[in-house]
Amino acid sequence: MAEPPGPVLVVIPTYNERENIGPIISRLHAAVPQVDVLVVDDASPDGTGELADEMAAADSRIQVLHRTGKDGLGAAYLAGFAAALSGKHQVVVEMDADGSHAPEDLPALLAALEDADLVLGSRYVPGGQLVNWPAHRKWFSRSANLYSRVALGVPIRDITAGYRVYRRQVLEEIDLAAVSSQGYCFQIDMAWRAVKAGFRVHEVPITFTEREHGSSKMGSSVVTEALFNVTRWGAERLLRRETVSARHTTGALPAVSAAPEGATAGSTGGPDGGAVSDGPVRA
């Protein structure tokens, strides 16, 4: 694996993940021993935060950020990003606590930073897999990604992906104070802002496995928020198309790439079409 461009912080939001947090961090440090971990706990009533404190006391690579209540996934990640930007870390990773994001896939995502600013762990590029998901959730997820891809005009196959790696510069330049989205929408919002800012986005195939313990935190309000915001952003993009089209007629902007057919988990491939971008493509 190519060395990442500086210290890595893995942000793991938790709410009632006591059964999962120990095993996932153990697997993470087995896969990439040098990474630091920040557990962002939303006052879990099952004692997740207390267990994380015990783990942090025994391992200097682990830190815990306690929040006073359950305020949503997006807010938890934003708190984690703020903590990362206040310190030394040059790479920030989003990872679920429930085991759906395999720590064993992280080396491939970090390696892809060599040619990217934001790397998405994708279920929907060749080589990506979904394990133990019911048919209705597969249908919903694929539909949400297709709708987002068409509405926003970006060739990202898994824009709702929650397993992702940011270069520090992306989080510094995006206006995080303006991000208020949650759940699925938070992931779409952050990727969309990165594309508009001209950052290079790559997708790397991962195996996504349904959680074994606990239950999903996604509710109908999260779905409604995503549908409303993506529709709004897509409409805004179409309305301003005339003002930006002159910059885009000279050639497609290769801001997004995905793994090619037959790719392995460690490959990023070449451009998968041109993405609409309102900023310079980063060298």
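Taking the dipole about the Cα centre of the range 7-62, with the C-beta of Lys and Arg at +1 and of Asp and Glu at -1, give me whichever of 28, 44, 16 is farthest to the positive side.
28
With a 1.4 Å probe and every protein chain left in place, tell me how much accessible area residue 104 has, in Å² to the nearest 10.
For residue 104, solvent-accessible area is about 100 Å².
Using Cα-Cα distances under 8 Å and only pairs 6 or more residues apart, what relative contact order does the range 1-98 have, in percent?
43
Can you tell me the length gained on complete extension of the stretch residue 143 to residue 85, counting 0.36 nm per residue apart and subtracting the Cα distance?
Fully extending the segment from residue 143 to residue 85 adds 17.5 nm.
Can you tell me the dipole magnitude for the range 124-231 around its Cα centre, using point charges on the Cβ only (Lys, Arg +1; Asp, Glu -1), in Debye to the nearest 20?
200
With the full set of protein chains in place, find how many percent of the accessible area of the range 1-93 is carbon and sulfur; take the probe as 1.4 Å.
52
Could you pull out every residue, at least 5 positions away or on a different chain, whose amide H is within less than 5 Å of the one on residue 129? Hs are placed 1.01 Å off N in the peptide plane, and Pro or chain starts have none.
HN-HN under 5 Å from residue 129: 206, 207, 208.
Amide H of residue 164 versus every other amide H placed in the peptide plane: which residues, excluding those fewer than 5 positions away on the same chain, fall under 5 Å?
Amide H to amide H, under 5 Å and 5 or more residues apart or across chains, residue 164 pairs with 94, 121.
Each residue of the range 78-92 in order: what ³J(HN,Hα) in whole Hz does its phi give by Karplus 6.51 cos²θ - 1.76 cosθ + 1.60, θ = phi - 60°, with x for Gly and Pro?
4, 5, x, 5, 4, 5, 5, 6, 7, x, 8, 5, 9, 9, 10
From the phi angles alone, apply the Karplus equation (6.51, -1.76, 1.60; θ = phi - 60°) to the range 96-102 and give each ³J(HN,Hα) in whole Hz, x where the residue is Gly or Pro.
Once θ is set to phi - 60°, the couplings for the range 96-102 become 6, 8, 8, x, 5, 9, 6 Hz.
Under unit Cβ charges (Lys, Arg +1; Asp, Glu -1), what dipole magnitude, rounded to 20 debye, does the range 1-94 have relative to its Cα centre?
Rounded to the nearest 20 debye, it is 240 debye.
Take the alpha carbon atoms of the range 27-90, find their radius of gyration, then divide it by 2.2 N^0.38 Å using N residues; give the quotient.
Cα-based Rg divided by the globular estimate yields 1.14.
Output ³J(HN,Hα) for the range 106-116: one whole-Hz value per residue in order, computed from phi by the Karplus curve 6.51 cos²θ - 1.76 cosθ + 1.60 with θ = phi - 60°, and x for Gly and Pro.
Whole-Hz 3J(HN,Hα) from phi for the range 106-116: 4, x, 5, 5, 5, 4, 5, 5, 4, 10, 8.
Percent relative contact order of the range 46-191, based on C-alpha pairs within less than 8 angstrom and at least six residues apart?
Relative contact order comes out at 31 percent.
What percentages make up the Cα-Cα pair-distance distribution of the range 88-215 when the bins are 10 Å wide from 0?
With a bin width of 10 Å, the distribution comes to 12, 46, 35, 7, 0.
The values are calculated or read from the model by the stated rules, or taken from the named source; none is laboratory data. Note that the structure is a prediction, hence the values are computed from the model and not measured. No Cβ is skipped: glycine too gets one built from the backbone with ideal geometry, and neighbour counts run over all protein chains shown. Note: accessible area is taken over every heavy atom of the protein model, side chains too, but ligands, DNA and RNA are not part of it. Shrake-Rupley method; radii C 1.70, N 1.55, O 1.52, S 1.80 Å.
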